[in-house]
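Colleague: A single structure is presented below for examination.
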Amino acid sequence: MLKFNILMPRFYFRLAFLPTILLTAVLLVIHAQPYDDHELRELLQPTDCRAPCFMGIRPGVTTVEEAVKLLEASGWVREIDKQYMPAFVTWKASPNATRWLDLQTNQSVSFQNGRVVSINLFSNFMIGDVRLSFNSPDIEDVMLGDRNHFYYRGVYLQKRFFVEGDLLCPASGIEIWKTKFFVRFVEMPTANFGYDNKMPWGKTVFYCRNFNP
């Protein structure tokens, strides 16, 4: 009986990290295959505009009026709601936009003191897509929020954008890795991201998979 009790913690420890090992193996296999990330890189790190930048709109640089004109002229926007100007505008992506943008959800650009402070996008890409294109983020937060929400945030400081995703638990490890991201472009990189109750990745996935509402 004593031997059984000693072995049980090791068993649960291995079980908690099994999803992480399997998913890492899947990513390595995918990474070994030809992967066209040109469109995703153009969305998050355009070559014709200094980061952070989206469709020529730059936080800290672009004015309210300039941002609206760039949205209207982009060909990616089918409708713009200006009723909350000069605080922010919302818009919906057109079918002509990149496939990485969610066409159903409102995107937004926020302003302060007459200039853009953040660009906020709902996307169709996942954790694996970003890691394959940009490797691991500089800051990575994984946690369970309000006990039943899996939350992920990856901050790319030098590239000046970060991605967020959350999902209701219980959920499988595969479902967690398929969570769609919210992307935010900001003016200046900062290390002041994250929560005080961050958890190791394997432990968070284990709890989310086995969460009993």
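Colleague: Taking the Cα of Asn96, stepping 7 Å toward and past its beta carbon, and measuring to each backbone N in segment 62-77: which are under 17 Å?
Modeller: 68-77, by backbone N distance to the label point.
Colleague: Can I ask one more? Sequence neighbours fewer than 8 away in the same chain don't count; with that in mind, list the aspartates and glutamates whose C-alpha is under 15 Å from Lys69.
Modeller: Glu79, Asp81
Colleague: Please work out how many pairs of lysine residues in segment 79-213 are eight or more positions apart (or on different chains) and have Cα atoms closer than 22 angstrom.
Modeller: Count of close lysine pairs: 7.
Colleague: Taking the number of other C-beta atoms within 10 Å as the exposure measure, put Thr204, Thr90 in order starting with the fewest.
Modeller: Ranked by crowding around the Cβ, least crowded first: Thr90, Thr204.
Colleague: Starting with the fewest neighbours, write out His149, His38 ranked by other beta-carbon atoms found within 10 Å of each beta-carbon.
Modeller: So the ranking, lowest neighbour count to highest, is His38, His149.
Since every read-out is calculated from the coordinates, none of them should be taken as a lab result. The structure displayed is predicted, hence computed values, not measured ones. With ideal geometry, Cβ positions are generated from the backbone for all residues, glycine too; neighbour counts draw on all protein chains shown.
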